[in-house]
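Asks: First the structure, then my questions, so here it is.
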Amino acid sequence: MADILGTGVGFPLRVDARGGLALARHAEDVQEAIQVILGTAPGERPMRPEFGCGIHDYVFENVDPYTLGRIEQEILVALDRWEPRIDVVDVQFDLSRIDNGELLIDISYLLRPTNDLRNLVYPFYLIPAED
């Protein structure tokens, strides 16, 4: 059943023991795809300008419940559109490093083909507002 999840070129690009491009398989491929989606701002890819996640619009925003809700919505919309192998179960925010400009986003998701619950912690870097 795991073969349904597929195989893709690993990200970041790396080589395998034989000198070829390393591949990501199954759940690892899905996790790397999520990271690529979240790390790509819409408009960044010339041949597919709509691809990515709109969280990058919030780099300069104050971190408050309203902004966190908007970030969560951007994540849900992007992953629903671009990663059909998962269902997002929950998005949580860890604010413990916010003073250093780092927001940790904990995404819990279900792999549809295997019904396997996984999570990914994505570090999102903010530029703190000056007082």
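The values are calculated or read from the model by the stated rules, or taken from the named source; none is laboratory data. Please read all numbers here as calculations on a predicted model, not as lab measurements. Note that each Cβ is placed from the backbone with ideal geometry, even for glycine, and that neighbours are counted across all protein chains shown. Remember, those area values only see protein heavy atoms, side chains included, never the ligands or the DNA or RNA. Shrake-Rupley method; radii C 1.70, N 1.55, O 1.52, S 1.80 Å.
Asks: State all residues of the stretch 40-86 that are among the small types (G, A, S) and without any contact (Cβ under 8 Å) to a residue 24 or more places away in the chain; if no residue qualifies, say none.
Replies: Scanning the stretch 40-86 gives A41, G43, G69.
Asks: Looking at V91, V121, which one is surrounded by fewer than 12 Cβ atoms within 10 Å (Cβ to Cβ) and assigned to a strand (DSSP E or B)?
Replies: V121
Asks: A further question follows. Of everything in the stretch 38-62 that's of a type in the set (A, V, I, L, M) and crowded, with 17+ Cβ neighbours inside 10 Å, which residue is nearest to V121 (Cα to Cα)?
Replies: L38
Asks: Out of the stretch 30-53, which residues are in contact with a strand residue (DSSP E or B) (Cβ under 9 Å, 6 or more places away or on another chain) and polar (S, T, N, Q)?
Replies: Hits for the stretch 30-53 are Q31, Q35.
Asks: Among the residues that make up the stretch 67-83, is at least one of them surrounded by fewer than 16 Cβ atoms within 10 Å (Cβ to Cβ) and outside any helix (DSSP H, G or I)?
Replies: Taking every residue of the stretch 67-83 in turn, none turns out to be surrounded by fewer than 16 Cβ atoms within 10 Å (Cβ to Cβ) and outside any helix (DSSP H, G or I).
Asks: Give the residues of the stretch 94-118 that are under 14 Å from A33 (Cβ atoms), open to solvent by 30 Å² or more (accessible area, probe 1.4 Å) and assigned to a strand (DSSP E or B), sorted by residue number.
Replies: Result: R118, single match.
Asks: Report yes if R81 is basic (K, R), within 21 Å of F124 (Cα to Cα) and modelled with pLDDT of 90 or more, otherwise no.
Replies: Considered against the rule, which asks whether it is basic (K, R), within 21 Å of F124 (Cα to Cα) and modelled with pLDDT of 90 or more, R81 comes out as yes.
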